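Presented below is the structure to which this report refers.
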Amino acid sequence: MAHQSLYRIHRPDTFADVIGQEQVTRPLEEAAKSKKIGHAYLFAGTRGLGKTSVARIFAGVIGCGENDLYEVDAASNNSVEDIRALTEGVYTLPFASPYKVYILDEVHMLSKGAWNAFLKTLEEPPAHAVFILATTELAKVPETVRSRCQVFEFKKPTRAVLAKMTATVAKKEGYTLAPDAAELIAMLGDGSYRDALSVLQKVVAGAEGKSLSREQVESATGAPRREQVHALVSALAGGERGKALEDIEKAAKADVDMKLFLELVLEALRSTLLIRFASELRASLADELGADEFAALEKFAKEKGITHATMLAFLNAADRIRYAPIPALPLELAVLELFPE
């Protein structure tokens, strides 16, 4: 039997369980308490932020039972006929709830004809109907629709929030996640709760013990190893052009994701500069990075090779890497710009 995904197991059940979306949950909670329920809501934000989960919670809070909750995937039910079939059912009374709630996911995928067919119902819905439209692309939702909805935009979580969330879920599953491992999972999650938990699930699936280290995350996900990142940062700190180019070449030949490798290098460069120039942040950095990582970067900070110019060169590389025909090339150019002779 297939195991249920961590994202589904740990999906929030109440507004209090929703992490980092207070700008959405607070007004919805107030609306439910005061019984000032709107007829149409539009939830916008990138994937994996909990839009559908919050829609389900809101439906439950306003008293909508399972038999009166309808979820529609607008990506695959986007024709005029699909919407007409939906709107015809809207006018029948709820089975046993004060409201019938319709959650339309990926609503920006509706065809132009489907939007036109839906607009009339959205303008004059029956009192018992509540529509919650969810989209990852707000700009593709017609203005005529947006103007008839209460629009709520979901924020991407910070890396710190994602790291804390993955550590909490790991603990609930009986695992101890090292802080630097949680940090890497958060980075790989790329601003998505769902993606971060998918990464954690992959790590847990291959774990032998109950303690999860950064090395295990690297192994399970194919993320660049810390040693590869440190090798390049060390070469930059020592002003060793040839060694830096060699380290980039080694990483490329090891088939690591060069975009992620560059992101990890930028993280290390930033922390190195903060250790050198922001003494008041040393304690928080030591706590955030872990003893081993802090000690390694502190050693690089004592050398003078890494400066703001280093950071700028690799930031420019980050701009170029998406379009580079050879992924290692922007990193190599950054090294050559820093050490032209």
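The values are calculated or read from the model by the stated rules, or taken from the named source; none is laboratory data. These numbers were taken from a predicted model, which means no experiment stands behind them. Cβ placement follows ideal geometry from the backbone for every residue including glycine, while neighbour counts extend to all protein chains displayed.
Just a few scattered comments:
Residue by residue, here is whether (1) over 21 Å from the mean Cα position of the chain (by Cα); (2) closer than 25 Å to Asp195 by Cα holds:
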position	(1), (2)
Gly60	yes, no
Gly89	yes, no
Pro94	yes, no
Met109	yes, yes
Ala127	yes, no
Phe154	no, yes
Val161	no, yes
Gly174	yes, yes
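- Residue ID - surrounded by the fewest Cβ atoms within 10 Å (Cβ to Cβ), chosen from residues in the range 96-126 that are over 17 Å from Arg146 (Cβ atoms) and among the small types (Gly, Ala, Ser): Ala96
- When Val151 is tested against (1) in a loop (DSSP other than H, G, I, E, B); (2) β-branched (Val, Ile, Thr); (3) modelled with pLDDT of 95 or more, just one condition goes unmet, and that condition is (1).
- Which numbered condition Val233 misses (of (1) of a type in the set (Val, Ile, Thr); (2) more than 16 Å from the chain's Cα centre (by Cα); (3) farther than 22 Å from Ser284 by Cβ): (3)
- Count - residues of the range 200-232 that are in contact (Cβ under 8 Å) with a residue 24 or more places away in the chain, more than 19 Å from Leu266 (Cβ to Cβ) and among the β-branched types (Val, Ile, Thr): 1
- Residues that are assigned to a helix (DSSP H, G or I) and either within 22 Å of the chain's Cα centre (by Cα) or modelled with pLDDT under 90 (or both), drawn from the range 248-269: Met258, Lys259, Leu260, Phe261, Leu262, Glu263, Leu264, Val265, Leu266, Glu267, Ala268
- Listed here are the helices (runs of 4 or more DSSP H) enclosed by the range 174-237 that have at least 3 residues being touching a Phe, Trp or Tyr at 6+ places or on another chain (Cβ under 9 Å) and within 28 Å of Lys250 (Cβ to Cβ): 226-237.
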